[in-house]
1. Magnitude of the Cβ-charge dipole of segment 31-99, K/R +1 and D/E -1, about the Cα centre, nearest 20 debye?
2. Across all directions of projection, what mean area in square nanometres is found for the Cα convex hull of segment 31-99?
3. Once amide H atoms are placed 1.01 Å from N in the peptide plane, what residues at a sequence separation of 5 or more from GLY94, or on another chain, have their amide H within under 5 Å of its amide H?
4. Output the relative contact order of segment 31-99, whole-number percent, from Cα pairs under 8 angstrom with separation of 6+ residues.
5. For VAL89, list long-range residues whose amide hydrogen, built 1.01 Å from N in the peptide plane, is under 5 Å from its own amide hydrogen.
6. Please list, or write none, the lysines whose alpha carbon is within less than 18 Å of the alpha carbon of LYS18, excluding same-chain residues fewer than 8 places away.
7. Rounded to whole Hz and in sequence order, give me ³J(HN,Hα) for segment 27-44 from the Karplus expression 6.51 cos²θ - 1.76 cosθ + 1.60, θ = phi - 60°, writing x for Gly and Pro.
8. Which of the lysines could be linked to LYS41 by a straight reach, that is with a Cα gap under 29 Å, when you skip same-chain ones fewer than 8 residues away?
Amino acid sequence: MVQSSYTGKSLRNPFTGKEIEYTGLIPVPDNVADFVVTQIKELIDMYDLDYFSIGGAWEHSADYWHTKVLLAYYYNKAEAENRRRGVLVNNYLGNDTAYHGDFCVFENMVPGEIFERP
């Protein structure tokens, strides 16, 4: 039986009413390296991105999200393409990423808090 993460009830086929058995789980040793990084690199390769922004990564560190690997890939690809316009990255790639990216988004900071970059 598969439960909906939203309602907590078992999922049912809307036409037959039978419970749906979920068999699609494939264990992955490192979801971020094996899936997330691969998908982001694919987006970088497929689209001519000027701005690279990922949100919702606050619960883990930049190392967990492979931030340096992704930023290096993005910047190196832009440089290799000899782009006339620049590229831009925010600091949302982990809970310790105030020092990564080209600019800092202050929406999650406490007003009046002193923010220093090295």
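1. 260
2. That works out to 4.4 nm².
3. Under 5 Å from the amide H of GLY94 lie the amide H atoms of ALA57, each far enough along the sequence or on another chain.
4. 45
5. PHE52, ASP102, PHE103
6. LYS9
7. x, 10, x, 9, 4, 5, 5, 7, 10, 4, 4, 4, 5, 5, 4, 5, 5, 4
8. By straight Cα distance, LYS41 reaches LYS68, LYS77.
Each reported figure results from applying straightforward, stated rules to the coordinates on display, with no laboratory input. Computed from a predicted model, the values in this text were never measured in an experiment. We place every Cβ from the backbone using ideal geometry, glycine too, and count neighbours over all the protein chains shown.
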